[in-house]
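Here, each number is a calculation from the coordinates, and none is a lab measurement. These numbers were taken from a predicted model, which means no experiment stands behind them. FYI the Cβ positions are ideal-geometry reconstructions off the backbone, even for glycines, and counts take in every protein chain you see.
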Amino acid sequence: MEAERSFRAMGTSCLVVVVGGPRGILDALVSRVEILEAAWSRFDPASEVSKLNGASGCEPLEVSSHTILLVSRSVDAWRLTHGRFDPTVGAALVAAGYDATFESLPWDRPATAGSDPLPTPGCGGIAIDSDAATVRIPAGVRFDPGGLGKGLAADLVAAEGMGMGARGVLVDLGGDIRVAGEGPDDGLWVLDVEHPFEADRPLLHLAVRDAALATSTRQRRRWLIDGDPRHHIIDPATGSPTSNRVVSATVIASEGWIAEAQTKAVIVAGRLDAVTGMSALLVDEAGRCEATPELAELIGTAA
C-alpha cells in the first residue's frame, strides 16, 4: 500500500510518500516536519535558531538534540565545501534584501542603510557542546542554515518513517529529496530534477534507491533592489549574490544535508569539480548542462 500527503512547510511545497507502515504514519511524519520548522525557522522569533542568534556573543544556549545536530551538520558542511556553503550568511542575506519570508518580499524596493554586501564571518567561532546540549554563536555572527535545514529534515523524517515500520519513504521538502527503502517502481524511486527555466517539465528524471537528491537554483527566489536583480544564493567570499554563469545545480549523495550543501558549492564555485565523489549536474545561463560522468548519459531524458 502506498500513501502520500502534500502540504506546505519550511516556506515551500512538501510531499511525503510512504510505502507500507502502520496507520497514522503520514500524520506523524508531517507533524515531524512542522516540529523541525518551528525549531529552525529564522523568521520565527520563538524558534531555537532565532534564540541562538538573539543570544550571539552571550553564554551558551541549551537547545534540542535536533538543533544541536543542525548546527553540527552546518559546520561540517562548511568544512566539507571549503567554505562555499556557509551558514553564517544570515547578515549578508538581510543586507541583500532577504529580510522576511520570501512570500512577503516586495518584488522591487529601494536600497536602505546597511544594505552593502557583507562578507561572511565563517563558522570558526561557533561552539557546540553535545554533552551539555548547548550552542554558542559568537558576537557578530547570524546563523542561517538555509536549504541545509530542509535536507537534514528530509533525512530525519525518512529515517523516522523507516523506524516506524514503513517499507519505503520519500520526503520532498521543496526539492530537497530523501528516499529510503522500497520504492513504488520495481523497488526504485523515480525522481524529477527541476528545470530552472521551464516550470512545467522536469529537466530529467532519475531512478534511485536509498539516496538524497538536492537542487538549488538562483531562478526561484529573486527580487530587485533599485531595479538591480538579487537572489538568495550568497557567495561567502563577497557577501553578494553569486554572479557567475551557473543558474542551478543538482547533487545526488547519501544524505540530504550533504547534497544540499554541495549544490551551493557548485553554484558558488561555478564549476562541477567543486564536488568530488558524488553525481552532480549544473545548468548555465544559456541552458547548457554539464554533468559528472555518472549523470551525463541521463541528460535529455526528460519525462
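Things to note:
- Modelled this way, with points 7 Å down the Cα-to-C-beta line, the labels at Glu294 and Asp200 are 3.4 nm from one another.
- Counted residue by residue at 0.36 nm each, then reduced by the alpha carbon distance between them, the extension gain from Met164 to Glu103 reaches 18.5 nm.
- Rh (Kirkwood; distinct C-alpha pairs) - segment 80-141, Å: 13.8
- Extension gain, Ala207 back to Asp76 (0.36 nm per residue minus Cα-Cα distance, nm): 44.3 nm
- For Ala211, the residues whose modelled amide H falls within less than 5 Å of its own, excluding neighbours fewer than 5 places apart on the same chain, are Val179.
- Fraction of the pair-distance distribution of segment 1-88 above 17 Å, Cα-Cα pairs, percent: 61
- Scanning the chain for GluC sites (Glu not before Pro) in DSSP loops with at most 11 neighbouring Cβ atoms within 10 Å leaves 1-197 as the longest stretch between them.
- The distance linking segment 86-115 with segment 163-214 is 31 Å (Cα centroid to Cα centroid, whole angstrom).
- In units of the rule-of-thumb radius 2.2 N^0.38 Å, the chain shows an alpha carbon radius of gyration of 0.98.
- Based on the convex hull around the alpha carbon atoms, segment 108-168 presents an average projected area of 8.1 nm².
- Segment 219-298 shape via C-alpha gyration tensor axes, a/c threshold 1.5: prolate
- Rounded FRET efficiency, nearest 0.05, which uses the C-beta distance separating Ala133 from Asp44 and R0 of 22 Å: 0.60
- Translational diffusion of segment 1-150, µm² s⁻¹ [Kirkwood Rh, Cα pairs; Stokes-Einstein; 10 °C; 1.306 mPa s]: 94
- Longest site-free stretch - the chain; sites: trypsin sites (Lys or Arg not before Pro), DSSP loop, at most 11 other Cβ within 10 Å: 24-287
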